[in-house]
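J.: This is the structure, below, for whatever I ask next.
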Number of protein chains: 2
Amino acid sequence: MATAVAGKGLEGIVAANSGVCWIDGEAGVLAYRGIDIHELAEHSTFEETTYLLWNGRLPSQLALREFHAQLALARELDQRIIDMLRSFPASATPMEVLRTAVSALSFYDADEKDNSHDANVRKSYNLTAQLAMIVAIYDRLRKGKEIIPPDRSLSHAGNFLWMLNGVKPSETATRTLDIALILHADHELNASTFAARVIAATLSDIHSAVTGAIGALKGPLHGGANEAVMRLLLAIDKAGADPVEYVKNMLANKQKVSGFGHRVYKTEDPRATHLRKMSEQLGRDAGQSKWFDMSRAIEVYVKGEKKLNANVDFYSASTYAMLGIDIDLYTPIFAISRIAGWSAHVIEQLDDNRLIRPRAEYIGPVYPTHWVPVEERG
Amino acid sequence: MATAVAGKGLEGIVAANSGVCWIDGEAGVLAYRGIDIHELAEHSTFEETTYLLWNGRLPSQLALREFHAQLALARELDQRIIDMLRSFPASATPMEVLRTAVSALSFYDADEKDNSHDANVRKSYNLTAQLAMIVAIYDRLRKGKEIIPPDRSLSHAGNFLWMLNGVKPSETATRTLDIALILHADHELNASTFAARVIAATLSDIHSAVTGAIGALKGPLHGGANEAVMRLLLAIDKAGADPVEYVKNMLANKQKVSGFGHRVYKTEDPRATHLRKMSEQLGRDAGQSKWFDMSRAIEVYVKGEKKLNANVDFYSASTYAMLGIDIDLYTPIFAISRIAGWSAHVIEQLDDNRLIRPRAEYIGPVYPTHWVPVEERG
């Protein structure tokens with residue numbers, strides 16, 4: 001059989017047809033279903049954007065109202081999931097917890113055995129609502145706080161902040177998170193979405209695909225990067241160091257600075273543009289621009305020195321910090337947004353499925369090497 | 001950026017270099033680390049084969065002894081995992097349970113935060129021992145039977161049968177399962193292994209990678225196929241139908257007959273050769289060759305009619321049936337073998353890692369489509 005050798009990590013290889021998301025890495029363009037991310041960040045909501053990702057077009061007034069209602073209705077977790085969250089050890093990280101709890105959600109989903117398009121849309125509503133609830137509830141539980149019941153009158157972003165903090169979020173906080181959720185909602189065949197498609201393509205279920213995607217997002221080369229950025233900012237702050245000197249030193253020691261560079265973008269990541277603006281605005285509003293100033297100084301230096309652009313993770317760190325969110329929730333928040341894209345891709349994969357099964361270039365011992373009895377081995 | 005368009009499902013695309021497994025699909029050759037699967041099935045054990053997959057060579061006498069000891073020592077499950085298994089609803093399928101429990105194992109693995117080569121080898125021992133225990137224990141629990149403690153003097157195959165059935169397994173049963181485990185231990189970049197590598201390549205942890213792999217294996221186009229084969233045999237038996245007529249009818253109605261054809265093999269799947277032999281032998285020993293005879297008739301018919309060969313799943317169905325194993329444990333048994341390969345591939349991926357991030361061919365609405373206010377939408 002003819003085989004073609006792809007670049008390492010499948011760089012530049014087209015692995016699927018998809019109508020969900022378009023990226024022009026040279027021009028720095030990201031669009032969901034043809035609509036530029038800048039327009040969506042400015043005008044849309046997470047709910048409307050999710051409808052767009054799932055349905056391929058913006059909703060009518062009625063459709064949008066129904067979407068809000070359905071997503072709000074889906075804000076329900078089986079008590080056994082909550083009991084399970086209570087049983088986890090305090091050392092469990094939120095991403096491990098989310099991965100495990102999402103896997104267990106399939107036990108209680110009425111559509112578990114139905115892999116049809118419509119059933120997967122229903123499961124996508126459930127998963128979108130449930131992921132956010134799991135993150136908020138687990139954070140309350142690990143802090144010994146009572147669980148806050150969902151508020152069905154709030155938006156996805158607003159309800160998450162409400163269930164997380166137990167106080168009604170400000171409009172600024174809600175809108176900031178809402179925009180962050182729009183920006184993170186999809187990104188074509190990123191590693192977690194690709195993992196979800198590989199899993200779904202065996203005709204396994206959407207819970208398996210999303211569980212696998214969460215596992216991929218957990219990695220520091222993917223979603224984990226925004227946590228690494230904040231840890232860097234905190235370390236610089238604690239050391240009372242100059243951010244540029246600190247990063248210069250890291251680069252001299254061949255340490256990787258998270259939040260820079262992107263496999264696909266060769267220019268500015270268009271999501272970074274918005275997150276930079278939000279980070280700056282939040283700092284100004286709070287009269288506390290430390291994290292933004294530090295981030296900006298590092299960005300300018302790394303850009304000048306290494307020709308690397310800040311990516312989506314770089315300014316989401318300081319943005320979330322100013323929203324008062326714990327560091328180890330940054331990647332879970334990425335997940336509660338990206339579930340929109342994962343669902344869209346799984347459904348698209350199943351609508352025109354083929355098993356995803358590449359080949360390897362063999363570099364091991366020559367064939368045939370023979371088995372020999374253990375006493376005759378060197 | 002130059003992109004190359006791959007065949008659908010990445011067919012024929014080389015996605016990684018790997019020294020674990022070599023397949024010649026034209027010639028029907030499968031080899032682990034250069035050693036032909038036929039030699040391993042005849043002479044090796046699951047433990048020795050796993051050592052080979054992980055280390056690239058057959059073990060010395062001492063190394064093999066140590067490997068057995070370490071794997072036996074790893075037969076331990078945190079009590080909280082067992083409590084969690086008890087809390088799952090009776091409707092939970094073994095693959096959902098395995099996926100969820102393996103995800104939770106990371107909470108209790110001392111090496112959870114260590115992603116080094118050595119830590120991942122240690123975690124691989126744990127996962128290999130634990131996957132088998134979870135499958136056996138959950139099956140006992142759902143049947144209301146007491147849990148059987150592991151027997152560290154038994155082999156991996158023997159201990160699994162012991163913990164599953166609570167009686168010491170016969171030599172024939174142990175050796176049959178042992179060979180089945182050898183045959184299923186690795187298969188290059190199959191969908192579950194590829195999913196594991198995609199997840200691991202974000203520098204996420206091995207528990208995430210294996211959890212995702214279990215989710216992929218669950219699909220009926222992958223591990224789930226052997227269960228589908230047995231369901232077919234049972235349906236034919238129940239209907240008292242002629243197997244060839246039954247399958248002829250299925251094909252006429254455009255129904256897929258599971259257990260035939262393979263993306264990579266264009267000739268007989270070398271694993272099918274051994275499973276056919278085992279299925280026949282077990283039937284003869286038991287004086288009950290119904291499942292084998294039925295399988296053989298279907299194989300001959302489908303081969304003649306559709307030019308499709310039986311694959312690894314086709315005869316594993318009747319083999320496991322004659323070992324008295326429940327149908328919904330067939331895919332979990334695949335997993336308790338394939339964990340050897342998943343581990344080998346995750347470790348190999350991390351030893352020379354690059355993020356796996358392909359591109360999509362965009363087929364959605366033209367860019368730019370503009371956002372319009374909801375009241376202006378058609």
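The values are calculated or read from the model by the stated rules, or taken from the named source; none is laboratory data. Since this is a predicted model, take the numbers as computed values, not measurements. Quick reminder, even Gly has a Cβ in these numbers, built from the backbone with ideal geometry, and neighbours come from all protein chains shown. Just so you know, the surface numbers come from the protein's heavy atoms only, side chains and all, with ligands and any DNA or RNA stripped out. Shrake-Rupley method; radii C 1.70, N 1.55, O 1.52, S 1.80 Å.
J.: Can you compute the radius of gyration and Dmax for the range B:213-295, using only the Cα atoms, both in Å?
T.: Rg then Dmax for the range B:213-295, in Å: 14.1, 38.
J.: To the nearest Å, what is the center-to-center distance of the range B:108-136 and the range A:104-175, using C-alpha atoms only?
T.: 31
J.: How big is D for the range B:87-198, in µm² s⁻¹ as a whole number, if Stokes-Einstein is applied with the Kirkwood radius of its Cα pairs at 37 °C and 0.692 mPa s? Intermediate results must be reported in sequence, preceding the final value.
T.: Working: Rh = 15.7 Å.
After rounding, the answer is 209 µm²/s.
J.: Moving on to the next point. Can you show me the helix-derived [θ] at 222 nm for the protein assembly as shown, built from DSSP H runs with n ≥ 4 at -39,500 (n - 2.57) apiece and divided by the number of residues, rounded to the nearest 500.
T.: Numbers: 32 runs with 430 residues, N = 756.
After summing the helix terms and dividing by the residues of the protein assembly as shown, the value is -18000 deg cm²/dmol.
J.: Charges at C-beta only: +1 for Lys and Arg, -1 for Asp and Glu. How large is the resulting dipole of the range B:1-109 about its Cα centre, in Debye rounded to 20? Don't jump to the answer; show the numbers that get you there.
T.: On the way: 8 positive and 14 negative charges, 68 e Å.
Dipole about the Cα centre, nearest 20: 320 debye.
J.: Taking the Cα atoms of the range B:1-105, what is the range of coordinates along each of the three principal axes, in descending order and whole Å?
T.: 49, 46, 29
J.: I need the GluC sites (Glu not before Pro) found in the range B:53-161, filtered to DSSP loop residues with at most 16 other beta carbons within 10 Å of theirs. Intermediate results must be reported in sequence, preceding the final value.
T.: Working: sites: B:66, B:76, B:96, B:112, B:146; in loops: B:76, B:112, B:146.
Of the GluC sites (Glu not before Pro), the ones in loops of the range B:53-161 whose Cβ has at most 16 other Cβ atoms within 10 Å are B:76, B:146.
J.: Projected area of the protein assembly as shown, taken from the Cα convex hull and averaged over every viewing direction, in nm²? Let's see the in-between values first.
T.: On the way: hull surface 131.2 nm².
Result: 32.8 nm².
J.: Another question, if that's okay. Would you mind giving the mean number of other chain beta-carbons within 10 Å of the Cβ of each residue in A:87-100, as a whole number? It would help to have the intermediate numbers written out before the result.
T.: Numbers: counts 6, 4, 5, 1, 4, 5, 5, 0, 4, 10, 3, 1, 12, 12.
Average neighbour count from other chains, rounded to a whole number: 5.
J.: Net charge near residue A:345: determine it from the other residues with C-beta under 11 Å of the C-beta of residue A:345, scoring Lys and Arg +1 and Asp and Glu -1.
T.: So the surrounding residues net to -2.
J.: Per residue, how much accessible area does chain B have with a 1.4 Å probe, in Å²? It would help to have the intermediate numbers written out before the result.
T.: Details: 13540 Å² over 378 residues.
It amounts to 36 Å² per residue over chain B.
J.: Binning at 5 angstrom from zero up to the longest distance, how are the C-alpha pair distances of the range A:242-345 distributed in percent?
T.: Reading upward from the zero bin: 2, 12, 20, 22, 21, 14, 6, 2, 0.
J.: Let me ask you something else. Cα centroid distance between the range B:223-245 and the range B:293-362, in Å?
T.: Using only Cα atoms, the two centres lie 18 Å from each other.
J.: In the range A:225-322, with Lys and Arg counted as +1 and Asp and Glu as -1 at Cβ, which of these residues, A:259, A:234, A:320, has the Cα nearest the positive end of the dipole, that is, farthest along it?
T.: Checking the options against the dipole of the range A:225-322, the answer is A:259.
J.: On to the next question. Please compute, for peptide B:35-43, the average count of beta-carbon atoms on other protein chains lying within 10 Å of each residue's beta-carbon. Spell out each step's value before the answer.
T.: Values: counts 8, 5, 0, 2, 5, 1, 0, 1, 5.
Mean number of neighbouring Cβ atoms from other chains: 3.
J.: Every other copy gets compared here: list the nm distances from the residue A:256 label point (7 Å along Cα to Cβ) to its counterparts, shortest first, one decimal.
T.: Spelled out, the distances from residue A:256's label point are 3.6 nm.
J.: On to the next question. Once you average over the residues of A:102-111, how many Cβ atoms of partner chains fall within 10 Å of each Cβ?
T.: Details: counts 3, 12, 12, 2, 7, 10, 3, 0, 0, 0.
For this peptide, the per-residue mean of nearby foreign Cβ atoms is 5.
J.: Also, quick follow-up: What are the membrane-span-like helices in chain B by this rule: whole DSSP H runs, Cα extent along the axis at least 24 Å, mean Kyte-Doolittle hydropathy at least -0.5? If you can, show how the numbers build up before the last one.
T.: Values: long enough: B:117-142 (37 Å, -0.17); B:270-286 (25 Å, -1.26); B:330-351 (32 Å, 0.43).
Both cut-offs are met by B:117-142, B:330-351.
J.: Give me the accessible area buried between chains B and A, both sides summed, with a 1.4 Å probe, in Å² rounded to the nearest 100.
T.: Details: alone 18410 and 18380 Å², together 27070 Å².
The buried area between B and A, both sides summed, comes to about 9700 Å².
J.: Between copies, how close do the residue B:288 label points come, placed 7 Å along Cα→Cβ, listed in nm from shortest?
T.: Copy-to-copy label distances at residue B:288, shortest first: 7.1 nm.
J.: List the residue from chain A whose beta-carbon is nearest to the axis that rotates chain A onto chain B, together with that distance in whole Å.
T.: Nearest to the symmetry axis by Cβ: A:212, 2.
J.: On a C-alpha basis, how far is the centre of the range B:246-267 from the centre of the range B:54-86 in Å? Whole number, if you could?
T.: First find each Cα centre; the distance between them is then 38 Å.
J.: Just round it to a whole percent: the fraction of Cα-Cα distances in the range B:38-92 exceeding 18 Å.
T.: Values: 766 of 1485 pairs.
That tail contains 52 percent of the Cα-Cα pairs.
J.: Determine Rg/Rh for chain A; Rg is computed over alpha-carbon atoms and Rh is the Kirkwood hydrodynamic estimate from the same atoms.
T.: Looking at chain A, the ratio lands at 1.00.
J.: Taking the Cα centre of the range A:225-322 as origin and charging only Cβ (+1 Lys, Arg; -1 Asp, Glu), how large is the dipole, in debye to the nearest 20? Show your work: numbers first, answer last.
T.: Numbers: 16 positive and 12 negative charges, 69 e Å.
That gives a dipole near 340 debye.
J.: Rounded to a whole number, what % of the accessible area of the protein assembly as shown do carbon and sulfur atoms account for, probe 1.4 Å? Numbers along the way, then the final one.
T.: Details: 13730 of 27070 Å².
It is 51 percent, rounded to a whole number.
J.: Just the number, please: Stokes-Einstein D of the range A:28-160 in µm²/s, Kirkwood Rh from C-alpha pairs, 4 °C, 1.567 mPa s.
T.: Values: Rh = 16.3 Å.
The estimated diffusion coefficient comes to 80 µm²/s.
J.: Any lysines with Cα under 27 Å of the residue B:306 Cα? List them, leaving off those in the same chain fewer than 8 positions away.
T.: B:8, B:218, B:238, B:248, B:254, B:256, B:266, B:277, B:290
J.: Next question, about the same structure. Which trypsin sites (Lys or Arg not before Pro) from the range A:331-378 combine a DSSP loop assignment with at most 10 other Cβ atoms within 10 Å? Write out the running numbers ahead of the final one.
T.: Working: sites: A:338, A:354, A:359, A:377; in loops: A:354, A:377.
Here no loop site has a sparse enough neighbourhood.
J.: Let me ask another. Which trypsin sites (Lys or Arg not before Pro) in the range B:25-76 sit in a loop by DSSP (not H, G, I, E or B) and have at most 16 other Cβ atoms within 10 Å of their own Cβ? Walk me through the numbers before you get to the answer.
T.: Working: sites: B:33, B:57, B:65, B:75; in loops: B:33, B:57, B:75.
Filter output for the range B:25-76: B:57.
J.: Out of the DSSP beta bridges found with both residues in the protein assembly as shown, what percent are antiparallel (nearest 5)?
T.: Numbers: 14 of 28 bridges.
Around 50 percent of the beta bridges assigned by DSSP in the protein assembly as shown are antiparallel ones.
J.: About its Cα centre, what dipole magnitude does the protein assembly as shown give when the only charges are +1 on Lys and Arg Cβ and -1 on Asp and Glu Cβ, stated in debye to the nearest 20?
T.: That gives the protein assembly as shown a dipole magnitude of about 140 debye.
J.: When the expected Rg is taken as 2.2 N^0.38 Å, what fraction or multiple of it is the alpha-carbon Rg of the range B:177-254? Please report the intermediate quantities before stating the final value.
T.: Details: Rg = 17.3 Å, N = 78, 2.2 N^0.38 = 11.5 Å.
Relative to the rule-of-thumb radius for its length, the range B:177-254 sits at 1.50.
J.: How much length is gained on full extension from residue A:376 to residue A:43, taking 0.36 nm per residue of separation minus their Cα-Cα distance? Mind dumping the intermediate values first?
T.: Working: separation 333, 0.36 × 333 = 119.88 nm, distance 7.29 nm.
Gain on extension, residue A:376 to residue A:43, equals 112.6 nm.
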